[in-house]
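Undergrad: Can you keep this structure in mind? I'll have questions shortly.
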Ligand code: NAD
Ligand code: IPM
Ligand code: MN
């Protein structure tokens, strides 16, 4: 029995999580896999009603009572300070020590992206795994304001990098490369401007990489890599980078794969001590919420990552196949050129995921 906690969250989160849950259930039933779901309604609504973000008792239940967490998105214009998202989303990443944020970038159909074909007509195979450090960097909340609201205001957000933290994300990236036959790991930083953190990343990259002599390694400045992901995305196999650069590169990755609505993500507890948390790369998309047009495929592919990581690769295979089949049949939402609604495309995918083979 795999116990899955659902946190639908805000905006389009509940719309896409509902489809992901139904697709997981259908695929699991077809494979004879037992799943149990429980929903946690932490969201902007809940915060505005109660003042509560993520209470400790709920955190402890999520930590101790589940094998995985599936989250939609958190973020709402009515909470401009983003307090609830910080406590729930970043809180879970930090407190469960989910130090690997794995964000695959896969072009599932050439129609989806103008970069699919090179200027000379050759098709590109785009298949990248981005390893984003998820527990340090600019996200740790160290810093503050001095003379806030005055003309002399000072604002500081520290970028924290530890040898232990850098080493473990680099190791995870190399291990993944070796296990999956990926021949190159690209590390990205901004060592030419931020020499202290960059130096630590570069030295540790050499140290860790030396243990994997069959994997080619290269370091690229993040501005160059942002450009090159659009110039020749087919070149990259595994990218490893810090928290903030990883956030930015994975939005670029999402659009290289065709849409924000296609990009899955997993916050992985590598040592298996705590549950991992899975969420699409996209946010709550307030501009789409309630329109019935949000692309649910990122959430379904996220559920596939969850299934794969909780020991149900056949369930994952069904979910991914259902998304591929829908795209091939032109059954999709407007962001990827279709005319379907979230509900219509969702129903098709759920049915397909549960078909007897
Ligand atoms: P966003 O990802 O929500 O939206 C960016 C753009 O992509 C918008 O044009 C949106 O319409 C489009 N888009 C996103 N998801 C889509 C989908 N499934 N189908 C079709 N189009 C889609 O980013 P944003 O506007 O910067 O953020 C909105 C809120 O979400 C903010 O509060 C932000 O902090 C939050 N956020 C949360 C998460 C998360 O919880 N994991 C991730 C990113 C952003
Ligand atoms: C993401 C989001 C979050 C992040 C925000 C909502 C804090 O953009 O998951 O990519 O920056 O990690
Ligand atoms: Mn982001």
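Undergrad: Scan region 330-357 and report the pairs whose first residue is without any contact (Cβ under 8 Å) to a residue 24 or more places away in the chain and whose second residue is surrounded by fewer than 19 Cβ atoms within 10 Å (Cβ to Cβ) and assigned to a helix (DSSP H, G or I), with Cβ atoms within less than 7 Å and a gap of 6+ or a chain change.
TA: Note: pairs meeting the criteria are 331/348.
Undergrad: Okay, next question. Hey, could you check region 279-311 for residues that are buried (at least 23 other Cβ atoms within 10 Å of the Cβ) and over 24 Å from residue 341 (Cβ atoms) and say which is farthest from ligand 2 (Cβ to nearest atom)?
TA: Of everything passing the filter in region 279-311, 307 is farthest from ligand 2 (Cβ to nearest atom).
Undergrad: Let me ask something else about it. Could you list, in sequence order, the residues of region 64-90 that are under 17 Å from residue 266 (Cβ atoms) and either touching a helix residue (DSSP H, G or I) at 6+ places or on another chain (Cβ under 8 Å) or more than 13 Å from ligand 2 (Cβ to nearest atom) (or both)?
TA: If the condition is that a residue be under 17 Å from residue 266 (Cβ atoms) and either touching a helix residue (DSSP H, G or I) at 6+ places or on another chain (Cβ under 8 Å) or more than 13 Å from ligand 2 (Cβ to nearest atom) (or both), then 66, 67, 68, 69, 70, 71, 72, 73, 74 are the ones that fit.
Undergrad: Looking at (1) within 22 Å of residue 354 (Cα to Cα); (2) away from ligand 1 (no atom under 14 Å from the Cβ), find the lone condition where residue 298 falls short.
TA: Status for residue 298: all satisfied but (2).
Undergrad: Considering each of 34, 56, 45 in turn, give the residue that is more than 16 Å from ligand 2 (Cβ to nearest atom), farther than 22 Å from residue 298 by Cα and either in contact with a helix residue (DSSP H, G or I) (Cβ under 9 Å, 6 or more places away or on another chain) or modelled with pLDDT under 95 (or both).
TA: Result: 34 is the single residue among 34, 56, 45 that is more than 16 Å from ligand 2 (Cβ to nearest atom), farther than 22 Å from residue 298 by Cα and either in contact with a helix residue (DSSP H, G or I) (Cβ under 9 Å, 6 or more places away or on another chain) or modelled with pLDDT under 95 (or both).
Undergrad: Let me ask something else. Return yes when residue 74 is in contact (Cβ under 8 Å) with a residue 60 or more places away in the chain and within 16 Å of ligand 3 (Cβ to nearest atom) and no when it is not.
TA: So residue 74 passes the test.
Undergrad: Another one. What strands (runs of 3 or more DSSP E) completely inside region 133-199 contain at least 2 residues that are closer than 24 Å to residue 209 by Cα and in contact (Cβ under 8 Å) with a residue 40 or more places away in the chain? Quick ask: steps written out before the conclusion?
TA: On the way: elements: 143-146, 154-157, 184-189.
Counting at least 2 such residues, we get 184-189.
Undergrad: I've got another one for you. Among the candidates 41, 46, single out the residue that is more than 16 Å from ligand 3 (Cβ to nearest atom) and assigned to a helix (DSSP H, G or I).
TA: 46
Undergrad: Next question, about the same structure. For region 208-230, give me the residue count where each residue is closer than 22 Å to residue 99 by Cβ and part of a loop (DSSP other than H, G, I, E, B).
TA: 4
Undergrad: Give region 237-269 a look and list any residue that's away from ligand 3 (no atom under 11 Å from the Cβ) and under 21 Å from residue 327 (Cα atoms), or say none. Break it down into steps so the answer makes sense when it comes.
TA: Residues of region 237-269 that are away from ligand 3 (no atom under 11 Å from the Cβ), as a first pass: 237-242, 245, 255-259, 261-262, 264, 266-269.
Result: 255, 256, 257, 258, 259, 261, 262, 264.
Undergrad: Look through 51, 11, 65, 32 and report the one residue that is surrounded by fewer than 18 Cβ atoms within 10 Å (Cβ to Cβ) and touching a residue at least 40 places away in the same chain (Cβ under 8 Å).
TA: None of the other options fit; the residue is 65.
Undergrad: Going by the structure shown, is residue 208 away from ligand 1 (no atom under 16 Å from the Cβ), more than 20 Å from the chain's Cα centre (by Cα) and crowded, with 17+ Cβ neighbours inside 10 Å?
TA: Judged against the criteria, residue 208 is a match.
Undergrad: When you go through (1) over 29 Å from residue 142 (Cβ atoms); (2) within 16 Å of ligand 3 (Cβ to nearest atom); (3) out of contact with any helix residue (DSSP H, G or I) (no Cβ under 9 Å at 6 or more places or on another chain) one by one for residue 178, which number turns out not to apply?
TA: Among (1) over 29 Å from residue 142 (Cβ atoms); (2) within 16 Å of ligand 3 (Cβ to nearest atom); (3) out of contact with any helix residue (DSSP H, G or I) (no Cβ under 9 Å at 6 or more places or on another chain), residue 178 violates only (2).
Undergrad: Could you check region 231-321 for strands (runs of 3 or more DSSP E) lying wholly inside it with 2 or more residues that are at negative phi and in the same structural domain as residue 357 (by TED's automatic domain parsing)?
TA: Where strands (runs of 3 or more DSSP E) fall fully within region 231-321 and carry at least 2 residues being at negative phi and in the same structural domain as residue 357 (by TED's automatic domain parsing), they are 266-268, 276-278.
The values are calculated or read from the model by the stated rules, or taken from the named source; none is laboratory data. Treat the numbers as computed from the prediction; the structure is a model and nothing was measured. Here the Cβ is made from the backbone with ideal geometry for all residues, glycine too, and neighbour counts use every protein chain on show.
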